[in-house]
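*Asks:* Provided herewith is a single structure, encoded as structure tokens, for subsequent inquiry.
The values are calculated or read from the model by the stated rules, or taken from the named source; none is laboratory data. Since we're looking at a predicted model, the values are computed, not measured. Glycine also receives a Cβ, built like all others from the backbone with ideal geometry; neighbour counts cover every protein chain displayed.
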Amino acid sequence: MRVLVAGWFSFDEVIATVGDELGADAVVRWLTDLGIDHDVAWAPYLGRGVHWRDVDPADYTHLLFTTGPVGDLAPLPELTAAFAGARRWAVNVSVVDDVAPTLFDAILERDARGVARPDLAIEGPAPEVPVLAVAFAPVQGEYGDRSRADRVRGVVEEWLAARALPWFPIDTDLYDKPHPRRPAQVEALLRRADVVLSMRLHGMVLGLKHGRPVIACDAVSGGAKVTGQAEALGWPLLLAADEVTAEALDGALARCLSGELTAAVAEAQRRGVAGNERAREWLTGQLGR
């Protein structure tokens, strides 16, 4: 027995969802546990596995399609026709028309009249990967040709993608369509990240305020606000504009996750509180004149 696992992730013509891939992951675990030889058919744009149009259908005894709608939906009929000599099964699918039963020898529906089964994505190992909050900085005209914001952002974005790191953007502008933004929204998001990567001063400051290790990247050649604030807070994890590389980011993330920066985070918070108190004393003195 040899099985080809397929799904909507097998086609270049459509864009699959993460749920489609998680359904395949569940099926692959079952086949592996059973000791059944199998391949997964991935679309070429995903850059892995085999492509169903390139394999010999005669090499497979079974085609197992998982997750999503099935019916007269291109290019699904083309796939099932190519593997007409194999047993064709569908699992965790939604039958959308009368054509679907003609495409497969057996179907396990996840939703049908009078039937509802849990989707396969509900079960499986939880990924143990850090979540990053990322604050990008725009090209800031006041720094003229010293700005390296575009280059630094490009390196960071490629690194996040290449390492498959989950991340979400932190925008510190007060207004960005379609709605205004409030500080509490930004701070609440930062608290839910494991690590903050910031090209902006306040991304670094707020990350440290909420006890998160920060990969600070100063995108201005020679250093500017981010460097100055890192010095004021005694924060050691700072990458200069020309130091931002994938390898440097790897090392910085490893330090953030190691726990070695816990004391540095606490020291930055202490310095911040002390600095605020000095600023308050200064202002009180000015008001008393």
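*Asks:* Which residues, taken from region 50-78, are within 26 Å of the chain's Cα centre (by Cα) and surrounded by fewer than 17 Cβ atoms within 10 Å (Cβ to Cβ)?
*Replies:* VAL50, HIS51, PRO69
*Asks:* Under 6 Å by Cβ, and 6 or more places apart or on different chains, what pairs join a residue from region 22-39 that is closer than 18 Å to PRO127 by Cα with one that is in a helix (DSSP H, G or I)?
*Replies:* Matching pairs, first to second residue: LEU22/ALA121; GLY23/LEU120; ALA26/LEU120.
*Asks:* Hey, can you tell me all the residues within region 37-49 that are touching a strand residue (DSSP E or B) at 6+ places or on another chain (Cβ under 8 Å) and surrounded by 15 or more Cβ atoms within 10 Å (Cβ to Cβ)?
*Replies:* Passing the criteria: HIS38, ASP39, VAL40, ALA41, TRP42, GLY49.
*Asks:* If you don't mind, another one. Anything in region 157-189 that is over 11 Å from the mean Cα position of the chain (by Cα) and touching a residue at least 40 places away in the same chain (Cβ under 8 Å)? List them, or say none.
*Replies:* GLU158, TRP159, LEU189
*Asks:* Only one of ALA90, ALA58, ALA106 is within 22 Å of GLU13 (Cβ to Cβ), out of contact with any Lys or Arg (no Cβ under 6 Å at 6 or more places or on another chain) and of a type in the set (Gly, Ala, Ser). Can you tell me which? Walk me through how you get there before you give the answer.
*Replies:* Working: ALA58 fails: within 22 Å of GLU13 (Cβ to Cβ); ALA106 fails: within 22 Å of GLU13 (Cβ to Cβ).
None of the other options fit; the residue is ALA90.
*Asks:* Considering only residues that are of a type in the set (A, V, I, L, M, F, W, C) and free of Cβ contacts under 8 Å to residues at least 40 places away in the same chain, look in region 120-134 and name the one that is surrounded by the most Cβ atoms within 10 Å (Cβ to Cβ). Walk me through it before giving the result.
*Replies:* Restricting attention to region 120-134, the residues satisfying the condition of being of a type in the set (A, V, I, L, M, F, W, C) are 120-122, 126, 129, 131-134.
Narrowing the set further to residues that are free of Cβ contacts under 8 Å to residues at least 40 places away in the same chain leaves 122, 126, 129.
Numbers: ILE122: 8, ALA126: 5, VAL129: 11.
Per the criteria, the residue is VAL129.
*Asks:* Right, something else. Please pick out the residue among ALA254, ALA230, ALA266 that is under 18 Å from LEU165 (Cβ atoms) and out of contact with any Lys or Arg (no Cβ under 6 Å at 6 or more places or on another chain). It would help to see each step written out before you state the result.
*Replies:* Working: ALA230 fails: under 18 Å from LEU165 (Cβ atoms); ALA266 fails: under 18 Å from LEU165 (Cβ atoms).
Exactly one of ALA254, ALA230, ALA266 is under 18 Å from LEU165 (Cβ atoms) and out of contact with any Lys or Arg (no Cβ under 6 Å at 6 or more places or on another chain), namely ALA254.
*Asks:* Follow-up. Among the residues of region 7-28, is there at least one that is over 30 Å from ALA162 (Cβ atoms) and loosely packed, with under 14 Cβ neighbours inside 10 Å? Break it down into steps so the answer makes sense when it comes.
*Replies:* Residues of region 7-28 that are over 30 Å from ALA162 (Cβ atoms), as a first pass: none.
Checked region 7-28: no residue is over 30 Å from ALA162 (Cβ atoms) and loosely packed, with under 14 Cβ neighbours inside 10 Å.
*Asks:* Name the residue, out of ARG153, ARG110, ARG117, ARG146, that is touching a Gly at 6+ places or on another chain (Cβ under 7 Å) and either surrounded by 11 or more Cβ atoms within 10 Å (Cβ to Cβ) or over 30 Å from LEU22 (Cα atoms) (or both).
*Replies:* On the way: ARG153 fails: touching a Gly at 6+ places or on another chain (Cβ under 7 Å); ARG110 fails: touching a Gly at 6+ places or on another chain (Cβ under 7 Å); ARG117 fails: touching a Gly at 6+ places or on another chain (Cβ under 7 Å).
That would be ARG146, the only listed residue that is touching a Gly at 6+ places or on another chain (Cβ under 7 Å) and either surrounded by 11 or more Cβ atoms within 10 Å (Cβ to Cβ) or over 30 Å from LEU22 (Cα atoms) (or both).
*Asks:* If you don't mind, there's one more thing I want to ask. Looking only at helices (runs of 4 or more DSSP H) that fall completely inside region 161-265, which ones have 1 or more residues that are surrounded by fewer than 13 Cβ atoms within 10 Å (Cβ to Cβ), outside the structural domain of VAL18 (by TED's automatic domain parsing) and not β-branched (Val, Ile, Thr)? Please lay out each step first, then the result.
*Replies:* Values: elements: 183-191, 201-209, 225-233, 246-258.
In region 161-265, 183-191, 225-233, 246-258 are the helices (runs of 4 or more DSSP H) which contain 1 or more residues that are surrounded by fewer than 13 Cβ atoms within 10 Å (Cβ to Cβ), outside the structural domain of VAL18 (by TED's automatic domain parsing) and not β-branched (Val, Ile, Thr).
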